[in-house]
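What follows is a single structure, written as structure tokens, with notes after it.
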Amino acid sequence: MSRIFTCHVARLDKSGELHQFKPGDAVPEWLHDLVDDQAASDGTTPVVDDNHLEEQVADHAEESDTGSDDGEAPVPEKSWKKDDLIDWAEAHDVDLGDASTKDDIWDIIEAYLED
């Protein structure tokens with residue numbers, strides 16, 4: 001049975017990307033466990049576990065925190081996401097050349113930091 005939303009829903013996926021759904025949109029497979037089965041299948045408003053959403057948002061914020069509260073520029077770490085490493089490199093005029101993988105980008109940044 002196809003499941004659809006009957007209201008607007010915004011949800012973060014595991015990587016932290018925001019997905020927005022409008023009434024009539026199909027419930028994606030990765031979201032099935034977080035949407036009440038009866039609510040989604042009988043046409044009533046889907047129920048999303050708001051507590052889980054708040055935890056997920058907080059977890060993502062901690063994982064991607066690349067700033068510093070003391071005003072100092074953050075020092076990148078290998079645990080940063082690829083896009084955050086690229087942003088840091090661009091902000092510090094680090095030439096990434098043809099690097100396309102996170103490991104290659106990290107190697108260039110690490111060498112830059114050691115100089």
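Taken together, the values in this text are just the output of simple stated rules run on the coordinates, not laboratory data. The model shown is predicted, which means the values in this text are computed figures rather than measured ones. Positions of Cβ are generated from backbone atoms using ideal geometry, with glycine treated the same way; all protein chains shown enter the neighbour counts.
Highest mean packing first, where packing is the average number of other Cβ atoms within 10 Å per residue, the peptides 82-95, 9-22 line up as 82-95, 9-22.
Each 5 Å bin, from zero up to the one with the longest distance, holds this percent of the alpha carbon pairs of the stretch 67-115: 4, 22, 36, 23, 10, 4, 1. Here the dipole of the stretch 67-115 is about 220 debye; that uses its Cα centre as origin and unit charges on the Cβ of Lys and Arg (positive) and Asp and Glu (negative).
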